[in-house]
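> I have a structure I would like to understand better, so I am pasting it below and will then ask my questions one at a time.
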Amino acid sequence: QVQLVESGGGVVQAGGSLRLSCAASGRTFSRYVMGWFRQAPGKEREFVADVTWNGGGTHYADPVKGRFTISRDNAKNAVYLQMNSLKPEDTAVYYCAAGEVVSYSNKRYDYWGRGTQVTVSS
């Protein structure tokens with residue numbers, strides 16, 4: 001079992017930055033692929049980024065490539081999402097998730113946090 005708690009969301013102007021954090025419980029954190037997803041009002045939840053077990057591999061959705069950076073610290077049971085050059089279309093609830101395989105699909109992730117709201121004003 002893994003419990004996930006996101007933090008760091010807020011309101012920021014376009015062009016600004018935010019850093020999301022996800023704190024995980026449990027001793028087996030390092031065995032999981034960690035992902036960030038987001039869901040805007042009226043839209044389906046979509047993949048943002050993921051990072052492999054040891055942090056050696058990362059993947060990003062096209063809309064965030066070059067602007068967002070995912071990282072993890074297994075010693076702290078934490079995963080982060082640094083978001084730069086934010087755009088109004090980045091506005092969404094951002095969710096942290098843990099899974100056993102690398103995947104862009106939210107169906108392949110087993111554990112989810114409750115999300116943190118990110119609002120980017122124009």
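The values are calculated or read from the model by the stated rules, or taken from the named source; none is laboratory data. Computed from a predicted model, the values in this text were never measured in an experiment. Neighbour counts run over all protein chains shown; Cβ positions are idealised from the backbone, glycine included. Each accessible area value is taken on the protein alone, full model and side chains, heavy atoms only, with ligands, DNA and RNA left out. Shrake-Rupley method; radii C 1.70, N 1.55, O 1.52, S 1.80 Å.
> For segment 50-73, enumerate the residues that are at pLDDT below 95 and polar (S, T, N, Q).
ASN54 - this is the single residue of segment 50-73 that is at pLDDT below 95 and polar (S, T, N, Q).
> Does VAL5 meet the test of being open to solvent by 40 Å² or more (accessible area, probe 1.4 Å), closer than 21 Å to SER122 by Cβ and of a type in the set (A, V, I, L, M)?
No: the conditions fail for VAL5.
> For ARG72, are the conditions met, namely being basic (Lys, Arg) and under 22 Å from SER17 (Cα atoms)?
Yes, satisfied.
> Moving on to the next point. If I filter segment 26-57 down to residues being surrounded by fewer than 13 Cβ atoms within 10 Å (Cβ to Cβ) and over 18 Å from VAL102 (Cα atoms), which single residue comes out as nearest to the chain's Cα centre (by Cα)? Lay out the reasoning, then the answer.
Step one: filter segment 26-57 for residues surrounded by fewer than 13 Cβ atoms within 10 Å (Cβ to Cβ), giving 27-28, 31, 41-44, 54, 56-57.
Restricting the remaining residues to those that are over 18 Å from VAL102 (Cα atoms) gives 27, 41-44.
Details: ARG27: 20, PRO41: 17, GLY42: 19, LYS43: 17, GLU44: 15 Å.
Looking at residues that are surrounded by fewer than 13 Cβ atoms within 10 Å (Cβ to Cβ) and over 18 Å from VAL102 (Cα atoms), I get GLU44.
Yes or no, residue by residue, for (1) of a type outside the set (Val, Ile, Thr); (2) open to solvent by less than 50 Å² (accessible area, probe 1.4 Å):
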residue	(1), (2)
VAL12	no, yes
SER17	yes, no
HIS59	yes, no
ALA78	yes, yes
ASN84	yes, no
TYR95	yes, yes
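> Does PHE47 satisfy being closer than 24 Å to ALA14 by Cβ, touching a helix residue (DSSP H, G or I) at 6+ places or on another chain (Cβ under 6 Å) and not in a helix (DSSP H, G or I)? Full working, then the answer.
Numbers: closer than 24 Å to ALA14 by Cβ: yes; touching a helix residue (DSSP H, G or I) at 6+ places or on another chain (Cβ under 6 Å): no; not in a helix (DSSP H, G or I): yes.
So PHE47 fails the test.
> Identify, from the list ARG114, ARG108, the residue that is open to solvent by 50 Å² or more (accessible area, probe 1.4 Å) and without any contact (Cβ under 8 Å) to a residue 24 or more places away in the chain. Break it down into steps so the answer makes sense when it comes.
Numbers: ARG114 fails: without any contact (Cβ under 8 Å) to a residue 24 or more places away in the chain.
Answer to the check: ARG108.
> A follow-up question, please. Would you be able to tell me the number of residues in segment 1-34 that are under 23 Å from SER105 (Cα atoms), of a type in the set (Val, Ile, Thr) and part of a strand (DSSP E or B)?
Total meeting the criteria: 2.
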